[in-house]
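Participant: Quick one: structure below, then a few questions.
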Amino acid sequence: MRIIHLIIIGAFVLHLIGVSWVSAFHLDIYEPRVPPKLLEALQDMDNPYPPSLERIESGREIYFGKGLCVTCHNHNGKGVKLPGHTPRDFTDPKWQEIRTDGEMMWVLRNGSPGTQMPVRVGKVISEEEGWNVIHFIRTFSQAD
Ligand code: HEC
C-alpha cells in the first residue's frame, strides 16, 4: 500500500514539474502569429507615429485601462497563466527583437486565432491608440 502511495505521489510531483516547465518555456517565440502570406508585408509596416513620452503614456493608460491588456498580460508584461496558449513574455529581449510593430498591429486588429487574445483595435480602442499601446509594449524590453 505505502509503495503504491509513494509511486502515485511521485508521479504527481513529476507531473507538476513537467507542467510548470512547459509553461515557463517560451518555445515558440520564433513562430509568427500572423498568416504566413501577410508576414512580409506586415514586417515592412512601420508604426506611423514616432515614439514620444505622450504616446507611451497614452499606451500605458490603455494597457491598464480600457484595453484590459493587464488582465492577461500582467502588470509587468510577463503574462498570466491562461488555459491553452499563455501570452508571451513581453520582457523577453529576443521576442522584442523578432516581433515587428506591424505584426503586433495585425494581432490587435484580428486577435490571435485559436487563443484567448481578443480583437482590440476597432472594438475597444482606435488604430492610433493601438499604435500607442505598441509603443508602450516596447518599454517592457527595458524591464530586466
Ligand atoms: C483575454 C486575455 C487577453 C487580453 C484582454 C489581451 N490579450 Fe494580448 N494576448 C493574449 C494571449 C493569450 C496571447 C497569445 C496569443 C499568441 O501567442 O498567439 C496574446 C498575444 C498578444 C500579442 C502578440 C504576441 C506575439 O507574440 O506576437 C500582442 C501584441 C498582444 N497580445 C497585445 C495585447 C494588447 C495591447 C492588449 C490590450 C489592448 C491585449 N493584448 C489584450 C491574451 C490577451
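Participant: Name the single residue, out of those in region 79-95 being buried (at least 16 other Cβ atoms within 10 Å of the Cβ) and either within 10 Å of the ligand (Cβ to nearest atom) or basic (K, R) (or both), that is nearest to E129 (Cα to Cα).
Facilitator: That would be F90.
Participant: Here is a list of conditions, (1) modelled with pLDDT under 90; (2) within 15 Å of the ligand (Cβ to nearest atom), and L42 meets all of them except one; can you say which number that is?
Facilitator: (1)
Participant: Take L38 and decide whether it is over 22 Å from S141 (Cβ atoms) and in contact (Cβ under 8 Å) with a residue 24 or more places away in the chain.
Facilitator: Yes.
Participant: Under the condition of being near the ligand (Cβ under 7 Å from one of its atoms) and in a loop (DSSP other than H, G, I, E, B), which residue from region 96-116 is modelled with the highest pLDDT?
Facilitator: The qualifying residue modelled with the highest pLDDT is R99.
Participant: Restricting to region 64-78, name every residue that is within 9 Å of the ligand (Cβ to nearest atom) and either at pLDDT below 95 or open to solvent by 80 Å² or more (accessible area, probe 1.4 Å) (or both).
Facilitator: Taking region 64-78 as the starting set, the residues that turn out to be within 9 Å of the ligand (Cβ to nearest atom) are 66-73.
Residues satisfying the conditions are K66, L68, T71.
Participant: Now for a different question. Taking the residues in region 117-144 that are charged (D, E, K, R) and at pLDDT 95 or above as candidates, determine which candidate is most open to solvent (accessible area, probe 1.4 Å).
Facilitator: This residue is K123.
The values are calculated or read from the model by the stated rules, or taken from the named source; none is laboratory data. These numbers were taken from a predicted model, which means no experiment stands behind them. We place every Cβ from the backbone using ideal geometry, glycine too, and count neighbours over all the protein chains shown. Only protein heavy atoms, including side chains, enter the accessible area calculation; ligands, DNA and RNA are left aside. Shrake-Rupley method; radii C 1.70, N 1.55, O 1.52, S 1.80 Å.
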